[in-house]
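Peer 1: Have a look at this one before I ask anything.
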Amino acid sequence: MKKIFIIIFSLMLVFSLSGCGSKSASSPDILLEDTDDLLEDFDDYTELPYDDQPDSFMDTKSTRLSDLISSNFNNFSDAQDAFEDHVSQVSYKNETALISSHNLVVSDMKVFDYMLPLYMWGETLDDEELETQDIATSIYEGEDRSYQKYDLERESETRYKVIMETHDGELITTQIDYYPDIDAVRLETIDKGNLALIFEYVKTDKGYAAQYYFNSPIASSYGVQNKAMCVFRQIFSGLNGSLARFEDTEEPPSIIGDNPKEEDFIKDATDWLTVTDGDIKGELNGESF
């Protein structure tokens, strides 16, 4: 029961922190109504004794999902957040990095929407999550919500799918594959018949490597963004590592089962930045530093 309560609180936390751009999050009033409905559904389902409530739920200072849901993906996400925050902090040492390093970090809200299942349920689904999915997914599903339908399907112990049907009857399918022996995840989203996102992370000898592949702005003309499929890569150990962006490129080779080397992983990138013990170097917007 604790996990059900944690999932619901996590869902509320995600939306309150992100405002992720979907129809249900576009209006604060709608979000509040959805949250109230969700809590009413939960109250009808079960009541937890006060002493049985998770400690992290009582800790209002905690904002990390891994404090609420333990999963290898959330461990990766916390390490990634710490590294990206450090990159932001040391970027002041160079004007080009200060202005442009944010372009190496994935901040597309659509990507977050596609990846939300990983933040909510982690890399696998258990029996309890499947049995109670209606509680957690009710905030998305319905005539006045983001999707007409929102379903979870477990295909194996290490694979599950999220199938979303829009109000126009079109499907968005996200498949998540977990590789427990090597601590790796692959997520792939097909949106209305087109590849919309590939995300992978792998645990390396000293840290993590990750890559994203999606349609991203590469230029703008008269206020109109020009987009192309791009690869964003990260490889880091603690607070040392690299970020890279490859513009207008084909689908990258999978890194699942690989232990990429940092220099090779960012080679030939359009833009890149490396942090080593607080020092930075890279090439952004054609300028090396």
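The values are calculated or read from the model by the stated rules, or taken from the named source; none is laboratory data. Every value quoted in this text rests on a predicted model; they were computed, and no experiment measured them. Neighbour counts run over all protein chains shown; Cβ positions are idealised from the backbone, glycine included.
Peer 1: Taking into account only those residues within segment 88-115 that are within 22 Å of the chain's Cα centre (by Cα) and of a type in the set (A, V, I, L, M, F, W, C), which is nearest to residue 74 (Cα to Cα)?
Peer 2: The selected residue is 115.
Peer 1: Of the residues in segment 94-121, how many are within 22 Å of residue 207 (Cβ to Cβ) and not aliphatic (A, V, I, L, M)?
Peer 2: Final tally of qualifying residues: 4.
Peer 1: If you check every pair at least six apart or on different chains, which have Cβ atoms under 9 Å apart with a residue in segment 123-151 that is more than 23 Å from residue 199 (Cα to Cα) first and a residue that is acidic (Asp, Glu) and in a loop (DSSP other than H, G, I, E, B) second?
Peer 2: That search, which allows pairs on different chains as well, returns 148/168.
Peer 1: What are the residues in segment 106-122 that are in contact with a Leu (Cβ under 7 Å, 6 or more places away or on another chain) and either part of a loop (DSSP other than H, G, I, E, B) or free of Cβ contacts under 8 Å to residues at least 60 places away in the same chain (or both), if any?
Peer 2: none
Peer 1: I would also like to ask the following. Could you check segment 192-226 and list, in sequence order, the residues that are buried (at least 19 other Cβ atoms within 10 Å of the Cβ), touching a residue at least 60 places away in the same chain (Cβ under 8 Å) and in a strand (DSSP E or B)?
Peer 2: 196, 197, 199, 201, 208, 210, 212, 214, 216
Peer 1: Assess whether residue 166 counts as being within 30 Å of residue 218 (Cβ to Cβ), surrounded by fewer than 20 Cβ atoms within 10 Å (Cβ to Cβ) and modelled with pLDDT under 95.
Peer 2: Yes.
Peer 1: Out of 173, 189, 158, which single residue is crowded, with 20+ Cβ neighbours inside 10 Å, modelled with pLDDT of 95 or more and within 28 Å of residue 252 (Cβ to Cβ)?
Peer 2: Residue meeting the stated conditions: 189.
Peer 1: If you don't mind, another one. Just one of (1) assigned to a strand (DSSP E or B); (2) at positive phi trips up residue 169, so point out which.
Peer 2: Looking at each condition in turn, residue 169 falls short on (1).
Peer 1: Is it true that some residue in segment 210-233 is more than 17 Å from the chain's Cα centre (by Cα), of a type in the set (A, V, I, L, M, F, W, C) and within 18 Å of residue 113 (Cα to Cα)?
Peer 2: Looking through segment 210-233, at least one residue is more than 17 Å from the chain's Cα centre (by Cα), of a type in the set (A, V, I, L, M, F, W, C) and within 18 Å of residue 113 (Cα to Cα).
Peer 1: While we're here: Can you work out which of the residues in segment 116-134 that are aliphatic (A, V, I, L, M) and surrounded by 21 or more Cβ atoms within 10 Å (Cβ to Cβ) is farthest from the chain's Cα centre (by Cα)?
Peer 2: It comes out as 125.
Peer 1: Sticking with this one: How about segment 247-289: which of its residues are farther than 22 Å from residue 225 by Cα, of a type in the set (Gly, Ala, Ser) and part of a loop (DSSP other than H, G, I, E, B)?
Peer 2: Answer for segment 247-289, where residues must be farther than 22 Å from residue 225 by Cα, of a type in the set (Gly, Ala, Ser) and part of a loop (DSSP other than H, G, I, E, B): 254, 257, 278.
Peer 1: Checking the condition crowded, with 21+ Cβ neighbours inside 10 Å and either modelled with pLDDT of 95 or more or charged (D, E, K, R) (or both), which residue from 266, 255, 280 passes?
Peer 2: 266
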